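Before any comments, here is the structure.
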Amino acid sequence: EQDDFAGERGFITRELLGRLLPADALAGHAFVCGPAPMMKPVTGSLRALGVSRARIHTERFSFA
């Protein structure tokens, strides 16, 4: 929590991505980096928005 942060908070959902990403961004490549529990829903949301699997590039990491 950061009291002076005015940006988005919460999970990265399909609705959030659809609202924040312009249509031409969804036509390009998507690069997603994060922990494994975040990657599956984010890549699924991108797929649901029409981004092909071949254009989604991921890098997973863990805090362990």
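Each reported figure results from applying straightforward, stated rules to the coordinates on display, with no laboratory input. What you are looking at is a predicted structure, and each value in this text was computed from that prediction instead of being measured. Methodologically, a virtual Cβ is constructed for each residue, glycine included, from the backbone with ideal geometry; neighbour enumeration extends over all protein chains shown.
When the helices of the chain are scored as -39500 (n - 2.57) per DSSP H run of n ≥ 4 and the total is divided over every residue, the value at 222 nm lands at -10000 deg cm²/dmol. Among rounded, prolate and oblate, which fits the chain when a ≥ b ≥ c are the square roots of the eigenvalues of its C-alpha gyration tensor, a/c under 1.5 means rounded, and a/b larger than b/c means prolate? Oblate, because a/c is 1.5 or more while a/b does not exceed b/c.
If the only charges are +1 at each Lys and Arg Cβ and -1 at each Asp and Glu Cβ, what is the size of the charge dipole of the chain around the Cα centre, to the nearest 20 debye?
That gives the chain a dipole magnitude of about 500 debye.
Residue-wise HN-Hα couplings along the range 41-47, as the Karplus relation 6.51 cos²θ - 1.76 cosθ + 1.60 with θ = phi - 60° gives them from phi, are x, 5, 5, x, 5, 4, 4 Hz; Gly and Pro carry x. Amide H to amide H distances under 5 Å link Ala30 with Ile56, His57, where only residues 5 or more positions off or on other chains count and H is placed in the peptide plane. Computed over the chain, relative contact order equals 39 percent, with contacts defined as Cα pairs under 8 Å that lie 6+ residues apart.
Computed over neighbours whose Cβ is under 15 Å from that of Arg53, the net charge equals +3, Lys and Arg +1, Asp and Glu -1.
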